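One structure is given below, encoded as structure tokens.
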Amino acid sequence: GESVGLHLPTLSVQEGDNSIINCAYSNSASDYFIWYKQESGKGPQFIIDIRSNMDKRQGQRVTVLLNKTVKHLSLQIAATQPGDSAVYFCAERNEGNNFNKFYFGSGTKLNVKP
Amino acid sequence: DTEVTQTPKHLVMGMTNKKSLKCEQHMGHRAMYWYKQKAKKPPELMFVYSYEKLSINESVPSRFSPECPNSSLLNLHLHALQPEDSALYLCASSQDNYGYTFGSGTRLTVV
């Protein structure tokens with residue numbers, strides 16, 4: 001299968017600081033990426049996505065950066081809040097599969113300290 | 001309605017039982033999915049339905065049997081499960097091959 005991994009399994013930040021969660025992917029043919037947030041006992045929640053023809057995309061307090069040269073994806077959260085505490089997954093799609101099939105990374109747990 | 005609804009939220013079943021998980025969406029999405037997620041692990045794809053037809057089976061054991069009665073409903077029939085099948089089972093849907101909307105999952109315990 002595909003390999004989507006994360007550099008840091010756990011990240012602790014102070015409330016109000018910015019957070020950066022990283023993700024490495026192995027398939028250079030992957031054309032679409034999503035970041036998901038999963039709180040305890042809940043399903044993954046869509047945060048932001050980016051297509052491979054873009055380098056950066058911004059949402060509300062979140063920014064996703066894509067570096068296709070080194071196959072790296074990052075999620076930046078501005079002014080991190082306690083409610084941001086969760087596990088974050090990146091997911092990639094390889095359109096060569098011809099199906100809407102995503103591979104998930106191993107996840108990073110974000111702890112926000114008040 | 002922008003939600004995927006899964007029932008039940010919790011299920012405990014014996015190894016000889018037959019049970020079903022249900023998933024429903026009314027967003028007009030034409031692709032629906034079952035994922036299995038063990039504790040502290042990412043979701044793992046089990047099945048994909050596209051336009052009510054099974055398009056992907058990720059080599060899932062036959063004790064898991066999916067069914068898509070119509071474009072809004074997705075079931076997962078369970079029979080003769082093992083304790084190691086205990087997990088969070090997630091349903092998702094998507095449209096136009098971009099993005100997934102996940103349900104909150106069914107927490108399954110096999111005893």
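Coordinate-derived values only; no laboratory data. The structure presented is a predicted model; accordingly, all values stated were derived computationally and were not measured. Ideal geometry is used to build each Cβ from the backbone, glycine not excepted, and the neighbour counts take in all protein chains shown.
Observations on the model:
- Separation between Cα centres of segment A:9-28 and segment B:27-42, rounded to whole Å: 23
- For the protein assembly as shown: rounded, prolate or oblate by the Cα gyration tensor [a/c cutoff 1.5]: prolate
- Computed from label points 7 Å out along Cα-Cβ, the spacing between A:Lys56 and B:Arg107 is 4.1 nm.
- Average beta-carbon neighbours from other chains, 10 Å sphere, peptide A:34-46: 5
- Projecting label points 7 angstrom from Cα along Cα→Cβ for A:His72 and A:Glu39 puts them 3.2 nm apart.
- Full extension of the chain between B:Asn17 and B:His79 yields a length gain of 21.7 nm, computed as 0.36 nm times the residue separation minus the alpha carbon distance.
- Averaging the sequence gap over all C-alpha pairs within less than 8 Å and six or more residues apart, then dividing by the number of residues, gives chain B a relative contact order of 37 percent.
- Rounded to the nearest 20, the Cβ-based charge dipole of chain B about its Cα centre (Lys and Arg +1, Asp and Glu -1) stands at 380 debye.
- Ordering A:Tyr103, A:Thr63, A:Tyr32 by the projection of their Cα atoms onto the charge dipole of segment A:18-114, which places +1 on the Cβ of Lys and Arg and -1 on the Cβ of Asp and Glu, puts A:Thr63 at the extreme positive end.
- Contact order normalised by residue count of chain A, Cα under 8 Å, 6+ apart, percent: 37
- Global geometry of chain B, whether rounded, prolate or oblate, following the gyration tensor of its Cα atoms and the 1.5 cut on a/c: prolate
- With contacts taken as Cα pairs under 8 Å and at least 6 residues apart, segment A:20-67 reaches a relative contact order of 26 percent.
- Neighbouring partner chain Cβ atoms per residue of B:31-43, average, 10 Å criterion: 4
- Estimated FRET transfer efficiency when R0 is 22 angstrom, pair B:Glu67-B:Lys41 (beta carbons, to 0.05): 0.30
- Computed FRET value (nearest 0.05) for A:Ala29 with B:Ser55, which takes r as the C-beta separation and R₀ as 22 Å: 0.65
- 5 angstrom amide H check on A:Leu110, placed H, neighbours 5+ away: A:Leu11, A:Ala86, A:Val87, A:Tyr88
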